[in-house]
Amino acid sequence: MSRISPGRAAALGAVAVALLVSGCGRQDGSGGSGGHGRGGGPGAGVPSQPVTADSLDPDAPRYGAEPAERPAQPSRDCTGRTGTLLEPGPVDSAMGLRAMTVWLTHCGTGTYRLDGYPTLQVLAEDGTAFDVHSLRGAQAVTTGVEDPGPHPVTLRHGESATAGVVWRNTYANTTKAPVEGARLQVLPAPGRPARTIAPDGGIDLGSTGRIGTTAWRKAAAESGAGRPTGPAPSTPAS
């Protein structure tokens, strides 16, 4: 029986340890842990803060293919615009839960007032509306987000308001095709013009048939110079 030199034995031991560590770090295909959102009180639960990746499980699989860079944040830039600018934030996901923040920036003159929840409509690529329920609040979708509740929000030129939007990609009813929306139509308030946005990755409601939203809340002012101080009349006012 041949002997292994002490140097060779040490090298083989290092390889074995490396393989063991590599194997322990590998995940199986069963997905992440079955964590649940933290509780909320009675009523419609929706976020009092804009939804961010920090509010969800950082170890959960991300929505769709992982991009090389995260989608750009809303510009909130009124340059060359009047009326309102509606923009989607990045879509975050955790165990089938989708969450994003919708940003509304007032680019017109005077003040823009909100008080309550936006009304949502999920649209196909060709503009056809899906038969889904727009919920006032998020508690029916998740109890992990809180709702500030309806309250007056007044925006001056260049100021923004946010609303959280949540849904789940759950497909349990195989008798119907899953809802795979491409755009989201947002009615900020009764009597206001609706705007359409295209969230990154679309809106995959599966067979749930519902999408929840928070009440509007005023966003913190952007820091730094360079924000426009007056509207430029190049687009129609809302």
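Among residues of segment 138-151 that are more than 12 Å from residue 163 (Cβ to Cβ), those with a beta-carbon under 6 Å from a residue that is of a type in the set (D, E, K, R) and in a loop (DSSP other than H, G, I, E, B) at least six positions away or on a different chain give the pairs 144/38.
If the condition is being in a loop (DSSP other than H, G, I, E, B), polar (S, T, N, Q) and touching a residue at least 60 places away in the same chain (Cβ under 8 Å), then segment 161-201 contributes only 169.
Of the residues in segment 91-113, how many are in a loop (DSSP other than H, G, I, E, B) and surrounded by fewer than 21 Cβ atoms within 10 Å (Cβ to Cβ)?
Total meeting the criteria: 6.
Only one of (1) out of contact with any Gly (no Cβ under 7 Å at 6 or more places or on another chain); (2) buried (at least 16 other Cβ atoms within 10 Å of the Cβ); (3) among the hydrophobic types (A, V, I, L, M, F, W, C) fails for residue 129. Which number is that? If we test residue 129 against (1) out of contact with any Gly (no Cβ under 7 Å at 6 or more places or on another chain); (2) buried (at least 16 other Cβ atoms within 10 Å of the Cβ); (3) among the hydrophobic types (A, V, I, L, M, F, W, C), just (2) comes out false. When segment 167-221 is limited to residues that are acidic (Asp, Glu) and modelled with pLDDT of 95 or more, the one that is surrounded by the fewest Cβ atoms within 10 Å (Cβ to Cβ) turns out to be 180.
Does residue 236 satisfy being modelled with pLDDT under 95 and crowded, with 18+ Cβ neighbours inside 10 Å? Against the criterion (modelled with pLDDT under 95 and crowded, with 18+ Cβ neighbours inside 10 Å), residue 236 does not qualify. Candidates 158, 144, 127: the one that is in contact with a strand residue (DSSP E or B) (Cβ under 9 Å, 6 or more places away or on another chain), closer than 18 Å to residue 187 by Cβ and part of a loop (DSSP other than H, G, I, E, B) is 127.
The values are calculated or read from the model by the stated rules, or taken from the named source; none is laboratory data. Please read these numbers as outputs of a predicted model, since none were measured by experiment. With ideal geometry, Cβ positions are generated from the backbone for all residues, glycine too; neighbour counts draw on all protein chains shown.
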